[in-house]
Amino acid sequence: MTAIPELDRPEASTPKSASEARDFPSDFLWGCATAAHQVEGGNINNDWWAFEHDPSTAARESSGDGIDQFHRYSEDFVLLKALRHNTHRLSLEWSRIEPAPGEFSQAAIAHYRRVLTQLANAGLIGFVTLHHFTLPTWFSERGGWLAPDAISTFERYCRVVTAELGDLMPYVCTINEPQMIALHGYLEGYHPPAMTNPILWRRVGRVLLEAHQAAVRAVRAEAPSSKSGLVVQLPLLAPARPDDSTWAFCEAMRAEIVDLYLEGLTGPDRGDWLGVQYYRKQWVDPSSPTLFAAPPAGTQTTQMGWAVFPDGLRLMLHRAAETGLPLYVTENGIATEDDDERIDYIESHLSAIAQALREGVDIRGYIHWSAFDNFEWSEGYGPKFGMIAVDRKRDFARAPKSSAYAFARVAASGRISDLRHTHSWSY
């Protein structure tokens, strides 16, 4: 069993001066995120499993046993609650729930009922993602998001899931990062189905927006008390050079990666809230084979090669606020072996959120990526995003890092300054 930390109650839980005032409201949500395929292990019936085992793809290794959260979820939820989290984001694995077209596994549904029940029992508010990158093999093989019946197939799955589990899903994330599904899978070939087709890239983006709307309808029909929202990754895009053609290309890329999804959230099926996921600034370059340029020399980058630019989060929160929807930061984090660097990253990005709050943006929670070091898609287990280390060679032992304790202090007090304060911990 993982040792469960208990944080001594901060002495200054009530501000004693203006300098000790909270940076975040008392009802702000604090937590971390995971995705089923990255942590569960053994998801052998989806397109990602096939992609990982195909030597011709970009995948570096198999997800294998993940971090065995399929069996260890209860222990993990208790640990997260002990670390002062009051919310948690996770996903359901579609390929377990619907292993064949129209054939729904009651055993898988019962498993996820146990998972979500334990999540609630641990005192964590659930943000439950219906689709986080993986597709059932049978759906992928008949065209996935390009199949003629893609929308109706996805809506059927959403209806079954929310009818069966909706009472345990206070917040429903319909689709995780639709623009990255389209970009990585259909333009860059970096994710399944490994296509590099600009026409299909644009088409899939619009299909995914329609799929989100179908999921909202399903949730409202089957679980009317649940609140649904789209979760989008919003990189801060900039032209690699100041010439007119590069600026124009940057605007065209922004239209497909950012504007399409934010401006498409209109009408009765747009959802109840919006999830903002932010990691980096990206420089767009039409002359590059990848369409993006490497960060300028001297830029701080992560294990993923991503440029660290905290104010981009504030800027993209303002852009997302133009939808008029309440916002939650549903992913934000850094891949690094240096946990001090992770604490710096959290501090700078929480400061950007706090500034956006002061500027009037309606932000209601922060969910860090990731709770655990886990499988990072095509990059395998190399990048370390977690605030909790996992020893995959020693019974998947969990070990909270210093950043986990620092984050706990902020979650307990609502003050960014407590990242740097030291309170004693007992085990």
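The values are calculated or read from the model by the stated rules, or taken from the named source; none is laboratory data. Nothing here was measured: the structure is a model prediction, and the numbers come from that model. Heads up, the Cβs are rebuilt from the backbone with ideal geometry, glycines too, and the neighbour counts pull from every protein chain shown.
Assorted remarks:
- In this entry, residue 216 is excluded by the filter for residues that are under 30 Å from residue 379 (Cα atoms), more than 18 Å from the chain's Cα centre (by Cα), outside any strand (DSSP E or B) and free of Cβ contacts under 8 Å to residues at least 60 places away in the same chain.
- Of all residues in the stretch 31-89, exactly one satisfies the criterion of being in a helix (DSSP H, G or I), among the charged types (D, E, K, R) and surrounded by fewer than 18 Cβ atoms within 10 Å (Cβ to Cβ), namely 75.
- Which numbered condition residue 248 misses (of (1) in a loop (DSSP other than H, G, I, E, B); (2) surrounded by fewer than 15 Cβ atoms within 10 Å (Cβ to Cβ)): (1)
- Selection status of residue 134, part of a loop (DSSP other than H, G, I, E, B), within 27 Å of residue 398 (Cβ to Cβ), within 20 Å of the chain's Cα centre (by Cα) and β-branched (Val, Ile, Thr): yes
- Members of the stretch 179-198 that are in a helix (DSSP H, G or I) and either farther than 15 Å from residue 286 by Cα or touching a residue at least 12 places away in the same chain (Cβ under 8 Å) (or both): 179, 180, 181, 182, 183, 184, 185, 186, 187
- Among the residues of this structure, residue 341 counts as one that is in a helix (DSSP H, G or I) and either among the basic types (Lys, Arg) or out of contact with any helix residue (DSSP H, G or I) (no Cβ under 8 Å at 6 or more places or on another chain) (or both).
- Among the residues listed as 120, 110, the single one being surrounded by fewer than 18 Cβ atoms within 10 Å (Cβ to Cβ), over 21 Å from the mean Cα position of the chain (by Cα) and farther than 29 Å from residue 191 by Cα: 110
- Filter result for residue 391 (crowded, with 16+ Cβ neighbours inside 10 Å, free of Cβ contacts under 8 Å to residues at least 60 places away in the same chain and not aromatic (Phe, Trp, Tyr)): no
- Taking the listed residues 134, 174, 117, the one that is in contact with a Phe, Trp or Tyr (Cβ under 6 Å, 6 or more places away or on another chain) and either at pLDDT 95 or above or more than 17 Å from residue 46 (Cβ to Cβ) (or both) is 134, with no other qualifying.
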